[in-house]
Amino acid sequence: MNKVLLIDDEERMLELLTLYLKPYPYFCRKAVGAKAGLKFVKEEKFDLILLDIMMPEMNGWEVCREIRQYSDVPIIMVTAREQKEDIVKGLKLGADDYITKPFNEEELVARMDALLRRTRPVNRIEVERLLWDEDQFELSYKKQLVKLTPKEFALIGLLMKNPGRVFSRNQLIDLVWGMHSETEGRTVDSHVRNMREKIREVGFPIDDYFHTVWGVGYKWIRK
């Protein structure tokens, strides 16, 4: 369930937005006016904010500017204004998207879903039933756990999250071991070799996906 903060000075609009979102996996917190909205943002954690622009005590642009001083929560500006300069202004102040009234319910939800996909960290990836789950710190194939070391787990996750990208050994050292690590390339090769063997043992066709780019490094290929 995604937690959404609705900020608008019109209670009728807040009720309408809540009604729109009721069939979807969104829990709505309603803030009547800018000051109430800012208070909620400082006190609670939200996955997304729908922010009206035309409010009397403090407009949405000012609210957006203040929120961006301490939070990177995704923000969609909601307004009746359609001028291009207004859209540009909102985006420059840190808004992530913009929708004008009257809007279609399906369009609103599609924009919210798309924004959350773009901004939410990828913590779970599945390829042919090989599941990398960062929250559980587990790699499994057909529900069979693969016992990896922390570095092996980080290596396979990094490549699965970036299919098609070639990582050099030095890049892998910086990203997995840390930029000031004295780890050498042969250590990376050793971890990769052990990781591939462990995944191969549970039956996943690792060599179809995890490729060595000779003289450069490694990559996870798209299928």
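The values are calculated or read from the model by the stated rules, or taken from the named source; none is laboratory data. Since the model is a prediction, treat every value here as computed from it, not as a measurement. Methodologically, a virtual Cβ is constructed for each residue, glycine included, from the backbone with ideal geometry; neighbour enumeration extends over all protein chains shown. Heads up: the accessible areas ignore ligands, DNA and RNA and are worked out on the full protein's heavy atoms, side chains in. Shrake-Rupley method; radii C 1.70, N 1.55, O 1.52, S 1.80 Å.
List of remarks:
- All positions within the stretch 144-173 that are part of a helix (DSSP H, G or I), open to solvent by 50 Å² or more (accessible area, probe 1.4 Å) and either farther than 18 Å from TRP220 by Cα or of a type outside the set (D, E, K, R) (or both): PRO150, ASN170, GLN171
- GLU138 being over 19 Å from THR18 (Cα atoms), open to solvent by less than 100 Å² (accessible area, probe 1.4 Å), of a type in the set (D, E, K, R) and touching a strand residue (DSSP E or B) at 6+ places or on another chain (Cβ under 7 Å): yes
- Test set (1) more than 20 Å from GLU138 (Cα to Cα); (2) modelled with pLDDT of 95 or more - ARG169 fails condition number: (2)
- Residue check for LEU6: outside the structural domain of LYS161 (by the TED database) and in contact (Cβ under 8 Å) with a residue 40 or more places away in the chain: yes
- ARG129 being modelled with pLDDT of 90 or more, within 30 Å of VAL146 (Cα to Cα), surrounded by fewer than 16 Cβ atoms within 10 Å (Cβ to Cβ) and out of contact with any helix residue (DSSP H, G or I) (no Cβ under 9 Å at 6 or more places or on another chain): yes
- Looking at the stretch 78-143, none of the strands (runs of 3 or more DSSP E) lying wholly inside it contains 2 or more residues that are farther than 23 Å from ARG65 by Cα and among the aromatic types (Phe, Trp, Tyr).
- Of everything in the stretch 55-85 that is within 24 Å of LEU116 (Cβ to Cβ) and of a type in the set (Asp, Glu), the residue that is surrounded by the most Cβ atoms within 10 Å (Cβ to Cβ) is GLU66.
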